[in-house]
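Q: Got a structure for you, written out below as structure tokens; questions coming shortly.
Nothing in this text is a laboratory measurement; each read-out follows from the coordinates by a stated rule. Computed from a predicted structure; not experimentally measured. In this analysis, Cβ positions are derived from the backbone assuming ideal geometry, glycine residues included, and neighbour counts consider all displayed protein chains.
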Amino acid sequence: MILWHNPRCSKSRAALALLQEHGVAPEIRKYLEDAPSLDELRAAQAALGLPAIEMMRRSEPAFRALGLAPDSDDETLLRAMSEEPKLIERPLAIDGDRAVIGRPPERVLELL
């Protein structure tokens, strides 16, 4: 399992702690330092089974600054996330072809 993690985020820290409590030692990907590629974002979206807008932090100033809107097409949103990884909702847990956004953090347990 891979956890796209921001150690400064309480939800991300809580999701990691829950996984560890259940004996899972996920590979930690600090996505703000090691931004996912466009292809990785497409794969994550497919694993989530969600529209790209559901993967985004719409309250981030960059969302408006880039001229994005809730009805922007998926490709535009995925490209924006690849260029501005702070737009990616966190934490995101990926296990093979399945993934969940850890909001609330307990959602990551769905992958166990």
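Q: Charges only on Cβ, +1 for Lys and Arg, -1 for Asp and Glu: so what's the dipole of the chain about the Cα centre, in debye to the nearest 20?
A: So the dipole magnitude of the chain works out to roughly 500 debye.
Q: Expressed as a whole number of Å, what is the distance separating the alpha-carbon centroids of segment 73-112 and segment 18-50?
A: 6
Q: Between GLU33 and LEU112, what is the spin-label point distance in nm, taking each point 7 Å from the Cα along the Cα→C-beta axis?
A: If labels sit at GLU33 and LEU112, their model points lie 2.7 nm apart.
Q: Something else about it: Cα extents of segment 59-112 along the three principal axes, largest first, in whole Å?
A: Extents along the principal axes: 38, 20, 19 Å.
Q: Treating each Cα of the chain as an identical point scatterer and ignoring solvent, apply the Debye formula and state log10 I(q)/I(0) at q = 0.14, 0.20 Å⁻¹.
A: For the chain, the Cα-only Debye profile gives -0.50, -1.02.
Q: For the chain, what is the mean residue ellipticity at 222 nm derived from helices alone (per DSSP H run of n ≥ 4: -39500 (n - 2.57); sum divided by total residues; nearest 500 deg cm²/dmol)?
A: -10000 deg cm²/dmol
Q: How much net charge surrounds ARG90 when only the other residues with a Cβ under 14 Å from the Cβ of ARG90 are counted, with Lys and Arg +1 and Asp and Glu -1?
A: That works out to +4.
Q: Please give me the summed charge of the neighbours of ARG42: other residues whose Cβ is under 12 Å from its Cβ, Lys and Arg +1, Asp and Glu -1.
A: -3
Q: What is the local net charge at HIS5, summed over the other residues whose Cβ is closer than 9 Å to its Cβ (Lys, Arg +1; Asp, Glu -1)?
A: +4
Q: Same structure again: If you take every DSSP beta bridge whose two residues both sit in the chain, what share of them, in percent to the nearest 5, is antiparallel?
A: 75
Q: Kindly state, to the nearest 0.05, the FRET efficiency for GLU75 paired with ARG13, given R0 = 30 Å and r defined as their beta-carbon distance.
A: Approximately 0.40, to the nearest 0.05.
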